[in-house]
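A short write-up of the structure that comes next.
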Amino acid sequence: MVTDSYSVSSALSPAKPTMASLCLNSLPLPPPSQPRKLLETPPSFSSSTPSSLNSYGKTEASKPIVVSGNPPTFVSAPGRRIVAVGDLHGDLDQTRCALEMAGVLSSDGEDLWTGGETVLVQLGDILDRGEDEIAILSLLRSLDIQAKAEGGAVFQVNGNHESMNVEGDFRFVDAGGFDECIDFLEYLDDCRDDWEEAFVDWIGVSQKLKEDRKMPQSYWDPWNLVRRQKGVIARSILLRPGGPLACELARHAVVLKVNDWLFCHGGLVPHHVAYGIERMNKEVSHWMRGLSESEDDPDIPFIATRGYDSVVWNRLYSRDNSDFDDYQSNQQIHSILEKTLQAAGAKAMVVGHTPQTVGVNCKYNCSIWRIDVGMSSGVLNSRPEVLEIRGDKARVIRSERDSFSELNVVDYI
């Protein structure tokens, strides 16, 4: 384990964004074991990975997926195509566009899994800024059930907006998001509190209820003010630690390692790995389930979810070049990244959290991939893009609506 001192104060508060400052023992940049090759034309993909022992889902063609940890932390997915999707922020239309483009969702509106043995990883921030948050969570759960039957899988990692909502921070909740909480809580009651039935079926019933609740009243009329209060109460019931939706989020990790790729919302640094990836995942899950020792003072897992160098808030690897135009600072960040990957036994890391106006891209010799493109209409409403990984090669896929294309094909030798 790496125990070199590291600290970052990156004042990443939405209210007061400032430059990050670094304080660390400067070490020479360790060279990568093999260079990554940026290819001009897409190669034919092939993959080979070690065999597995225990089954998560399998077909006759491939070895089974093996999952370790609860919530899932380490995943061995031999021979599988991996697709990573960034922040969705309550925009169901853009979510469907991204998933269809990635080849894992049917385009007929039936929400069917078409990915076969593909492993889909969503990098968090499904909550806030949009009005179909629970519908997206429901869709992903439904797709996971379907994917498992075909030897694939769907994984999610929680982002900072998931942890904020479990803490009761509703500053970024869209008005439609509160309405969806009211409708879903009522639907859950209609299902006699059968969570599995209500949650998995919600994607199929939410749109009709959404249409039914549209009213011509002014936003500030008494009815809407009362409804907003009801929305806050409904959201609090669903998302407080131990609430049914918080327990659903507790099924997901904050850090996931699939084969030799790391996936997290903000970014890992060496002291996170030294603390323990599985330990962090368990602590966050335990907190979301409301299992803290003191109900008055919940044990919030700070290293994973609190502070701007925590796993879900860290932006160290995601800033534009203009933010770190000093060569030495870039070298230090690259060194931190390489030490983190070495400690975790990974070849590269994939993160979301910080919208990339240039689209999905890689940096630091393609050791880090930044895949949040701000696709939600509540953020940048930008063209969806996803990252595809096949064996030792990665590529960016853009939305079909802007003419399907492949970008940045990288070969990890």
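Computed over protein heavy atoms with a 1.4 Å probe, the carbon and sulfur contribution to the accessible area of segment 329-389 reaches 45%. Please work out the Cα center distance from segment 117-158 to segment 162-186, rounded to the nearest Å. The distance from the Cα centre of segment 117-158 to that of segment 162-186 comes to 18 Å.
Each residue of segment 149-159 was assigned a 3J(HN,Hα) from its phi angle through the Karplus expression (A = 6.51, B = -1.76, C = 1.60, θ = phi - 60°), giving 5, 10, x, x, 6, 10, 10, 10, 10, 7, x Hz with x at Gly and Pro. For the listed residue pairs Lys282/Lys393; Lys257/Lys339; Lys257/Lys282; Lys63/Lys257, the alpha carbons are over 25 angstrom apart in Lys282/Lys393. Quick one: grab the alpha carbon gyration tensor of segment 89-217, order the square roots of its eigenvalues as a ≥ b ≥ c, and give me rounded if a/c is under 1.5, else prolate or oblate depending on whether a/b is larger than b/c. Prolate, because a/c is 1.5 or more and a/b exceeds b/c.
Ligands, DNA and RNA excluded, the heavy atoms of Lys282 present near 110 Å² of accessible surface to a 1.4 Å solvent probe. Close amide H pairs (under 5 Å, H built 1.01 Å from N) link Lys393 with Tyr412, residues at least 5 positions away or on another chain.
Summarising the label geometry, the points placed 7 Å from Cα in the beta-carbon direction at Ala149 and Glu110 lie 1.1 nm from one another. Residues whose amide H falls under 5 Å from that of Ala253, counting only those 5 or more places apart or on a different chain, are Gln156, Asn158, with hydrogens built in the peptide plane.
Working note: Karplus 6.51/-1.76/1.60 with θ = phi - 60° gives segment 344-351 the couplings 8, x, 10, 9, 6, 10, 10, 10 Hz, where Gly and Pro are set to x. Computed from phi, the 3J(HN,Hα) profile of segment 178-185 under the Karplus parametrisation 6.51, -1.76, 1.60 (θ = phi - 60°) reads 5, 4, 5, 5, 4, 4, 5, 5 Hz, with x in place of Gly and Pro. Label-to-label distance for Arg192 and Leu225 is 4.0 nm, based on points extended 7 Å past Cα in the beta-carbon direction. Placing R0 at 41 angstrom, the Cβ-Cβ distance between Val205 and His286 gives a FRET efficiency of 0.80 after rounding to 0.05. For Gln356, the residues whose modelled amide H falls within less than 5 Å of its own, excluding neighbours fewer than 5 places apart on the same chain, are Asp372, Val373, Gly374. Taking the 1.4 Å solvent-accessible surface of segment 172-286 as the whole, the part contributed by carbon and sulfur is 55%.
Between Asn330 and Glu167, the contour length at 0.36 nm per residue exceeds the Cα-Cα span by 55.3 nm. Each Lys or Arg adds one and each Asp or Glu takes one away; over the other residues whose Cβ falls under 13 Å from the Cβ of Gln229, this sums to +3.
Accessible surface ranking for Arg279, Arg227, 1.4 angstrom probe, highest first: Arg279, Arg227.
The values are calculated or read from the model by the stated rules, or taken from the named source; none is laboratory data. In this text, all values refer to a predicted model and were calculated from it rather than measured experimentally. Neighbour counts run over all protein chains shown; Cβ positions are idealised from the backbone, glycine included. Only protein heavy atoms, including side chains, enter the accessible area calculation; ligands, DNA and RNA are left aside. Shrake-Rupley method; radii C 1.70, N 1.55, O 1.52, S 1.80 Å.
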